Structure formats: C-alpha cells, structure tokens
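Trainee: Okay, here's the structure, questions in a sec.
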Amino acid sequence: MTGVVVTESFSMKYASFGTGKKKLVILPGLSLRPVSPIVFAIEQAYKVFTEDYTVYLMDRRDHAPEDYKSTDMARDTHTALLKLGINKAYFLGASQGGAIVMELALMYPEMVQGMAIGSSAAYVNKMSSKILDTWMDFAKKRDATNLASKMVGVVYSKNMQQANKTNYINTFSDLKEDEFTQFLNLCSGFRTYDIRQKLHEIKCPTLVIGCEGDEVFGAEASREIYDGISSGNGKCELYIYNDEYGHAVYDEAPDYKDRIYNFFEKVDK
C-alpha cells in the first residue's frame, strides 16, 4: 500500500506492507526520487519481516526546504509516524536514513524500540563531503545523466554496476526541475550533520552494519558509530562485510535482511 501523510506543515509519501503486530520503519538513503512507489520490490527484498512485522517505508517530506538538516528530517519523520499512529517501532536506516534514525533515537528515544544502522556515519566526513559536492554540482547543472552515473559509480560494487548501471542511468534521465531542487535541498542541509559527541546518549539496542567496500562513508564510519554508542550502551553490536560489496551492501548481501531480523528478534525477547 502506498499513501501520503498530510500534516499541518508538510506532506510525506510512504508505503506499507506486512501483517505482523510489531512495527518496522525503514528510512532509505539519499535518492533522486521517492522510493515508496517501488514498494513491491522492497517488499520482496524484506519478505522475512512480513509475517511478524508491519513495515513502513518512509520517504523524505515533499518540497523539502533549503538547508533541510538531519534534525529537521528526524522531526518531520517523527510527526508523520505519529500521524500514522506509530508511537514505538523498530527502525532500519540506510546511509542518510541511518543518520535520521540516530537523530530520532536522540530526540525521541521513547519511539525507537531498537535500530539497525547500515552504511552510515556519525558525521559527514571528508570522503562523503567530496562526494556530496560532486553530486550537488551535477544537480545544479541539471545534468541527470552524469549525476546518476556518479551516484551508481560510488554506491554499488563493481559487479552490481556492470549489471545495473545502464538501467539506473536511464531510470533517472528524465528528472524534473522539482526533483533536482528536492535533491539539492536534501544534500545541502545534511552537510553540517555531526552527532559524534552525542552517540553515547543513544540507549536503545543497536546493530551497526558497515562494509569494507563502502566508498561513500567507509567502513571506519560504522566502527565510529559502534564505538560511540557502545561507550554509553552495552546493547550495541557491529558487523562489517568485506569489500565484495559496496556502500549499498543493504541491496547486495543476500543475508543482510536476515541479519537484521535475527537481531531484532533477539532483543525482543
């Protein structure tokens, strides 16, 4: 099911699937378009959750303002979830989505029952800052082809690129003016994101997943998250994939979803 949450100040697209009593909220990474319209593919990828969980896939708010920071993204996500009647849930955040989930855990700890943070970071490091600059430069030029090419070139492993690069570029070749603007606003405010000094305040059970082949944040960023949360919370675990996969290991590794499902089942007991 797809839908739109409408609040007093914004709207946000979302999708849901599954029939379980428990709730899982997925916050995807930075994208050129909303991901909720492709919910069928995501449902297939996360089918291990569909019996025990009702899964909510949340996009960013429509028409994001300039200088839209990670704290704003978290606040708007929190508002949208409450509007949907979700007061407490497990969370999975990938890349920028992981940053938003960690902000949620800091700002609204009562909502986050447990979380999995994939291919993310506690701040925009030199590696990711340079990548954001490149992406934003092509977006400002309204160059959809090179923007999509640069994104797929650093997000996916070489094997995945060979299989999907052409399709990925073609999918986004017709980006509209409002889509370029939305993308730029999601990038620009995120550049100041930095929660390194607050990680120890996160108390919910957390699984941090990284990858040695991550060319956006690097595997060290996942280790930094783990170290920071673990310093104040004994309920944090870390798993690092080897360099067989890339930043989008969440789409590539066949055991990724099972690993998260098993972690949530363990902390739920």
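The values are calculated or read from the model by the stated rules, or taken from the named source; none is laboratory data. On a predicted model such as this, the values are computed, not experimentally measured, just so you know. A quick note on method: Cβ atoms are made from the backbone with ideal geometry, for glycine too, and the neighbour counts reach across all protein chains shown.
Yes/no per residue for (1) closer than 30 Å to Val154 by Cβ; (2) over 14 Å from the mean Cα position of the chain (by Cα):
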site	(1), (2)
Pro37	yes, yes
Gln44	yes, yes
Phe49	yes, yes
Arg60	yes, no
Ala64	yes, yes
Tyr68	yes, yes
Leu82	no, yes
Asn87	no, yes
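Trainee: I need the full set of residues from region 243-257 which are of a type in the set (Val, Ile, Thr) and either modelled with pLDDT under 95 or more than 20 Å from Gly29 (Cβ to Cβ) (or both), in order please.
Mentor: none
Trainee: Please indicate, with yes or no, whether at least one residue in region 15-30 is modelled with pLDDT of 95 or more, polar (S, T, N, Q) and touching a Gly at 6+ places or on another chain (Cβ under 7 Å).
Mentor: Within region 15-30, not a single residue is modelled with pLDDT of 95 or more, polar (S, T, N, Q) and touching a Gly at 6+ places or on another chain (Cβ under 7 Å).
For (1) of a type outside the set (A, V, I, L, M); (2) in contact with a strand residue (DSSP E or B) (Cβ under 8 Å, 6 or more places away or on another chain); (3) under 29 Å from Asp62 (Cβ atoms), each residue gets a yes or a no:
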site: Asp174; (1), (2), (3): yes, no, yes
site: Gln182; (1), (2), (3): yes, yes, yes
site: Arg196; (1), (2), (3): yes, yes, no
site: Lys203; (1), (2), (3): yes, no, no
site: Val208; (1), (2), (3): no, yes, no
site: Gly213; (1), (2), (3): yes, yes, no
site: Lys257; (1), (2), (3): yes, no, yes
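Trainee: Can you name every residue in region 45-79 that is buried (at least 21 other Cβ atoms within 10 Å of the Cβ), acidic (Asp, Glu) and out of contact with any helix residue (DSSP H, G or I) (no Cβ under 8 Å at 6 or more places or on another chain)?
Mentor: Across region 45-79, the qualifying residue is only Asp76.
Trainee: Oh, and also: Which condition from (1) more than 22 Å from Ile26 (Cβ to Cβ); (2) touching a residue at least 60 places away in the same chain (Cβ under 8 Å); (3) surrounded by fewer than 17 Cβ atoms within 10 Å (Cβ to Cβ) is the one that Ala148 breaks?
Mentor: (3)
Trainee: Same structure, new question: Quick check on Leu82: is it more than 19 Å from Phe49 (Cβ to Cβ), surrounded by fewer than 24 Cβ atoms within 10 Å (Cβ to Cβ), in contact (Cβ under 8 Å) with a residue 12 or more places away in the chain and not basic (Lys, Arg)?
Mentor: Considered against the rule, which asks whether it is more than 19 Å from Phe49 (Cβ to Cβ), surrounded by fewer than 24 Cβ atoms within 10 Å (Cβ to Cβ), in contact (Cβ under 8 Å) with a residue 12 or more places away in the chain and not basic (Lys, Arg), Leu82 comes out as no.
Trainee: List every residue pair whose Cβ atoms lie under 9 Å apart, where the two residues are 6 or more positions apart in sequence or sit on different chains, the first residue falls within region 192-205 and is free of Cβ contacts under 8 Å to residues at least 24 places away in the same chain, and the second residue, located anywhere, is buried (at least 16 other Cβ atoms within 10 Å of the Cβ) and in a helix (DSSP H, G or I).
Mentor: Short answer, once both residue conditions are applied: Gln197/Gly228.
Trainee: Considering each residue of region 90-122, count those that are closer than 13 Å to Ser222 by Cβ and touching a Phe, Trp or Tyr at 6+ places or on another chain (Cβ under 7 Å), and give that number.
Mentor: Selection size over region 90-122: 7.
Trainee: Among the residues of region 211-248 satisfying the criterion of being out of contact with any Ser or Thr (no Cβ under 6 Å at 6 or more places or on another chain) and within 25 Å of Thr50 (Cβ to Cβ), which is surrounded by the fewest Cβ atoms within 10 Å (Cβ to Cβ)?
Mentor: Filtering region 211-248 for residues that are out of contact with any Ser or Thr (no Cβ under 6 Å at 6 or more places or on another chain) and within 25 Å of Thr50 (Cβ to Cβ), the one surrounded by the fewest Cβ atoms within 10 Å (Cβ to Cβ) comes out as Glu237.
Trainee: While we're on this one: Quick one: what pairs do we get from region 232-258, first residue under 11 Å from Thr206 (Cα atoms) and free of Cβ contacts under 8 Å to residues at least 12 places away in the same chain, second of a type in the set (A, V, I, L, M) and surrounded by 14 or more Cβ atoms within 10 Å (Cβ to Cβ), C-beta under 8 Å, 6+ apart or different chains?
Mentor: Note: no pairs meet the criteria.
Trainee: Let me ask something else. Looking at (1) surrounded by fewer than 16 Cβ atoms within 10 Å (Cβ to Cβ); (2) within 13 Å of the chain's Cα centre (by Cα), find the lone condition where Val25 falls short.
Mentor: It fails just one condition, (1).
Trainee: Within region 243-258, can you find the residues that are part of a helix (DSSP H, G or I) and under 15 Å from Gly93 (Cβ atoms)?
Mentor: Passing the criteria: Val249, Tyr250, Asp251, Tyr256, Lys257.
Trainee: I would also like to ask the following. In region 85-123, how many are within 24 Å of Lys150 (Cα to Cα), surrounded by fewer than 22 Cβ atoms within 10 Å (Cβ to Cβ) and of a type outside the set (Ser, Thr, Tyr)?
Mentor: So the count comes out to 0.
Trainee: With the requirement that a residue be closer than 27 Å to Ile169 by Cα, out of contact with any Gly (no Cβ under 8 Å at 6 or more places or on another chain) and not hydrophobic (A, V, I, L, M, F, W, C), what does region 1-14 give you?
Mentor: Thr2, Gly3 - these are the residues of region 1-14 that are closer than 27 Å to Ile169 by Cα, out of contact with any Gly (no Cβ under 8 Å at 6 or more places or on another chain) and not hydrophobic (A, V, I, L, M, F, W, C).
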